[in-house]
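Q: Here it is, the structure, as structure tokens.
All of the numbers you see were taken from the coordinates with simple rules; none came from a lab. Remember, it's a predicted structure, so these values are computed and weren't measured experimentally. Cβ: placed from backbone, ideal geometry, glycine included. Neighbour counts: every protein chain shown.
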Amino acid sequence: MESVQGFGGLEVGLPAAADCYQLQMTGLGKLRVAVVGAGAAGLCAARHLLSCGETFAPPVVYELTKHVGGTWVYEEKVGAYDNGLPIHSSMYRDLRTNIPKEVMSFPDFPFEEHLPSFVHHTEVRKYLEKYCDHFRLRDHIQFATMVDSVKPVQTNQGWRGLAWDLTTSDGINKSKSVTERFDAVMVCNGHFYDPHIPAIPGLKNFKGMLMHSHNYRNAEPFSGKSVVLLGAGLSGLDIAMELSSVNAKVILSHSQCPLTCPLPKGIQQAPPIKRVLENGMLKFQNGELAKPDIFLFCTGYNFTFPFLDSKLGLQVQEHLVSPLYKFLLPPAFPSLFIVGICRAICPFPHFHCQTQFVLSVLDGTFTLPSCKEMEQDVEVDIAARRGRGVATRHILKLDSEQWAYNDELAHLGGFTALPPYWSNLYESNKVFRARDMLNYKTYHYTVLNEKEWIVRTQHGQPIQNPYAKHK
Ligand SMILES: Cc1cc2nc3c(=O)[nH]c(=O)nc-3n(C[C@H](O)[C@H](O)[C@H](O)COP(=O)(O)OP(=O)(O)OC[C@H]3O[C@@H](n4cnc5c(N)ncnc54)[C@H](O)[C@@H]3O)c2cc1C
Ligand SMILES: NC(=O)c1ccc[n+]([C@@H]2O[C@H](COP(=O)([O-])OP(=O)(O)OC[C@H]3O[C@@H](n4cnc5c(N)ncnc54)[C@H](OP(=O)(O)O)[C@@H]3O)[C@@H](O)[C@H]2O)c1
Ligand SMILES: *[C@@H]1O[C@H](CO)[C@@H](O)[C@H](O)[C@H]1NC(C)=O
Ligand SMILES: *[C@@H]1O[C@H](CO)[C@@H](O)[C@H](O)[C@H]1NC(C)=O
């Protein structure tokens, strides 16, 4: 195989003629791809597979619930659905997006013009329903169907001698399960539904109410209550603001540097919890004590892939899923793709790029390096991150690196990269959020052209772009 110096100095393989012929030589005709989940990522996968009908058979999308939209399908109930399965969505009643609609959308399907930049979650669900209808995806989704197992099988047919057996059921009666074979699988099961509760010594001694943000719906029950909220991620900060609005007394306990931006009234910061004493008091790392009515964990979520065969050798430890080449595929099983495991990203455009890259791998536009090369690539990348002092649990956080990542996938996969305004507008919103968490969601953005955009306050005053080059 020839190789060229690729984007970012990586060695990438040129598609060798033999690889391109491989598809036809299998005699199988079109590739059959299964998609696990019909949230934003699964819908995006289906949309692109369906539009490449010369190479791909219509996809089969398995969705556990009766709806598309995943976490954007708000459920007032907590715990379990009527059928006993655990509730997937982590949405709360009054949530609005934290990314302006101008860059939150899929690049080929904007939100409606008349909407504000930061929409209520019900609008995101409507948007995903429209995306589903516009691209005629619904007929390809099997609702109320749970993927119970995904197993690799060696075969002399299929994509590079590998196929996948998916076993599904209604999630309740496993004796009614069905198994189907596919050439490839896109795993889009979502990554914010299995609550992560840190191991805190003595936690069982706590006598008040324990809960996780996954089960938070609205602030009223917290009115006048004392709350220790652990974790100052986006859930922690947003929920702290909601609690403040009903006059809860909130201690925001977290391990970051103390926040310096204006905080809502009634919110006090504290270091993390060290342990819970036998009398039920929470002891902070600075030795101070508290005995709140409610101990609310905003400590994020665990990755979970209960259906993946252990043969794949994927390790899920400390919020790291590894090894995955380009954060997508296990090198030894390169026709299974886990979409959207990166964190601190702009999700929909990220799915849009990852999906098109996956298609470019499967249709031969991009030839993957050898298994060994991919394993080395993953090792080198993780070692470099550790070398920069990144903790294991933060290795999948792409943050500002996501734009180079998206561009690299577009370059390798030969598809259109995101317009230049995307990264700049997104990064500016992050600056505004850090500066003024209380008001940034009232701003309104206007995209002028491929490169330029402006932002105004709710009173129409223009705000300086923090990343604008000084003239
Ligand atoms: C509280 C909260 C607020 C957020 N706010 C924003 C925001 O403002 N802007 C933004 O862009 N993003 C936001 N996000 C991120 C959000 O996760 C993404 O926008 C996006 O919804 C992720 O889509 P997904 O398809 O990966 O996962 P999900 O939306 O979780 O969908 C996964 C789907 O897979 C199905 N499924 C799971 N397991 C199986 C199985 N075994 N078999 C069959 N089906 C299965 C589920 O039922 C679900 O429908 C937020 C997330 C949370 C939790
Ligand atoms: N639209 C909105 O306004 C909105 C609102 C809420 C959430 N969201 C989205 O929902 C997703 C999930 O967000 P999330 O905040 O739930 O999860 P998250 O981003 O994983 O944040 C969890 C936080 O908890 C902290 N934490 C974990 N264990 C801790 C411990 N023992 N002590 C102290 N701190 C601890 C983590 O700190 P470390 O990283 O240091 O471990 C991290 O800051 C994100 O995509 C977010 O954008 C959006
Ligand atoms: C599960 O499905 C099987 C096969 O259809 C059926 O015989 C059995 O009664 C079902 N069990 C329950 C608990 O519904
Ligand atoms: C999931 O989170 C729990 C704490 O809630 C932790 O003990 C467990 O090890 C995590 N599992 C994985 C696979 O990361």
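Q: Would you mind calculating the relative contact order of the range 203-297 from Cα pairs under 8 angstrom and at least 6 residues apart, reporting the percent as a whole number? Write down the numbers at each step before the final one.
A: Details: 175 pairs, mean separation 35.6, N = 95.
It rounds to 37 percent for the range 203-297.
Q: Arrange the peptides 142-148, 226-232 so that the one whose residues have, on average, the most other Cβ atoms within 10 Å appears first. Working shown, then result.
A: Working: 142-148: 18.0, 226-232: 22.3.
In decreasing order of mean packing, 142-148, 226-232 become 226-232, 142-148.
Q: Output wanted: per-residue J couplings in Hz (rounded whole) for the range 304-309, from phi through Karplus 6.51 cos²θ - 1.76 cosθ + 1.60, θ = phi - 60°, x for Gly and Pro.
A: 8, 9, x, 8, 7, 5
Q: Any chance you could run the full-extension gain for PHE109 through GLN154? It's 0.36 nm times the residue separation minus the Cα-Cα distance, nm to one decimal. All intermediate terms of the calculation are to be shown ahead of the outcome.
A: On the way: separation 45, 0.36 × 45 = 16.20 nm, distance 3.85 nm.
Length gained, PHE109 through GLN154: 12.3 nm.
Q: Also: Counting only residues 5 or more places away or on other chains, whose amide H sits under 5 Å from the amide H of ALA270 once H atoms are built in the peptide plane?
A: Hits under the 5 Å cutoff: LEU252, SER253, HIS254.
Q: Under a straight-distance cross-link criterion of Cα-Cα below 17 Å, which lysines are reachable from LYS126, leaving out those fewer than 8 residues away in the same chain?
A: Straight-line reach from LYS126, under 17 Å: LYS66, LYS101.
Q: Using a basic spin-label model with each label point 7 Å from the Cα along Cα→Cβ, how many nm lie between LEU289 and GLU75?
A: 3.9 nm
Q: Can you work out ³J(HN,Hα) from phi for every residue in the range 125-132, in order, using Karplus 6.51 cos²θ - 1.76 cosθ + 1.60 and θ = phi - 60°, giving whole Hz and x for Gly and Pro?
A: 4, 4, 4, 5, 4, 5, 4, 4
Q: Could you work out how far helix 40-51 tilts from the main Cα principal axis of the chain, as a 0 to 90 degree angle to the nearest 10?
A: Result, in degrees: 20.
Q: Follow-up question, since we're still on this one. How would the range 203-297 be classified by its alpha-carbon gyration tensor: rounded, prolate or oblate, with rounded meaning a/c under 1.5 and the a/b versus b/c comparison settling the rest?
A: Numbers: a/c = 1.69, a/b = 1.19, b/c = 1.42.
Oblate.
Q: Then there's this: Specify whether the C-alpha gyration tensor of the range 36-187 places it in the rounded, prolate or oblate class, a ≥ b ≥ c being the square roots of the eigenvalues: rounded for a/c under 1.5, otherwise prolate if a/b is larger than b/c and oblate if not.
A: Values: a/c = 2.72, a/b = 1.38, b/c = 1.97.
Oblate, because a/c is 1.5 or more while a/b does not exceed b/c.
Q: Which cross-chain or sequence-distant (5 or more) residues have an amide H under 5 Å from the amide H of GLN142, H modelled 1.01 Å from N in plane?
A: Distant-sequence amide H within range of GLN142: VAL61, TYR62, GLU63.
Q: So how strong a dipole does the chain carry about its Cα centre when Lys and Arg Cβ are +1 and Asp and Glu Cβ are -1, to the nearest 20 debye? The partial results should precede the final answer.
A: On the way: 45 positive and 45 negative charges, 301 e Å.
Once rounded to the nearest 20, the dipole reads 1440 debye.
Q: Moving to a separate point now. Run down the lysines and flag those whose C-alpha is under 29 Å from the C-alpha of LYS204, throwing out any fewer than 8 positions away in its chain.
A: Here the lysines satisfying the reach criterion relative to LYS204 are LYS77, LYS225, LYS249, LYS274, LYS283, LYS291.
Q: To make sure I understand the rule: partners must be lysines, Cα under 16 Å from the Cα of LYS326, and not fewer than 8 residues away in the same chain. Which ones qualify?
A: List returned: LYS372, LYS397.
Q: Using a ≥ b ≥ c from the Cα gyration tensor of the range 101-227 (square roots of the eigenvalues), is it rounded, prolate or oblate, where a/c under 1.5 gives rounded and otherwise the larger of a/b and b/c decides, a/b for prolate? Walk me through the numbers before you get to the answer.
A: Values: a/c = 2.52, a/b = 1.30, b/c = 1.95.
Note, shape of the range 101-227 comes out oblate.
Q: Moving to a separate point now. Using amide H atoms built in the peptide plane, which far-off residues or other-chain residues are under 5 Å from ASP194 H to H?
A: HN-HN under 5 Å from ASP194: ASN302.
Q: Measure nothing but the geometry: give the 0 to 90° angle between the long axis through the Cα atoms of 234-245 and the longest principal axis through the Cα atoms of the chain, rounded to 10°.
A: 30 degrees
Q: Here is a further query. Average projected area of the Cα convex hull of the chain, in nm²? Intermediate results must be reported in sequence, preceding the final value.
A: Details: hull surface 98.6 nm².
Computing the convex hull of the Cα atoms and averaging its projections yields 24.7 nm².
Q: Against the longest principal axis of the chain, how steep is helix 371-387, in degrees 0 to 90 to the nearest 10, with axes from Cα atoms?
A: Computed tilt is about 20 degrees.
Q: Now, a different point. Apply the Karplus parameterisation 6.51 cos²θ - 1.76 cosθ + 1.60, with θ equal to phi minus 60°, to every residue of the range 74-80 and state each ³J(HN,Hα) to the nearest whole Hz, in sequence, with x for glycine and proline.
A: So the Karplus estimates, Gly and Pro as x, are 4, 10, 5, 5, 10, x, 10 Hz.
Q: Would you please put 355-368, 79-92 in order of how densely packed they are, using the mean number of other Cβ atoms within 10 angstrom per residue and starting with the highest?
A: Working: 355-368: 21.3, 79-92: 15.3.
Ranking, from highest mean packing down: 355-368, 79-92.
Q: Based on the Cα atoms of the range 350-471, what semi-axes does the equivalent ellipsoid have, where each is the square root of 5 times one gyration tensor eigenvalue, given in whole Å with the largest first?
A: Numbers: eigenvalues 232, 80, 25 Å².
The three semi-axes for the range 350-471 are 34, 20, 11 Å.
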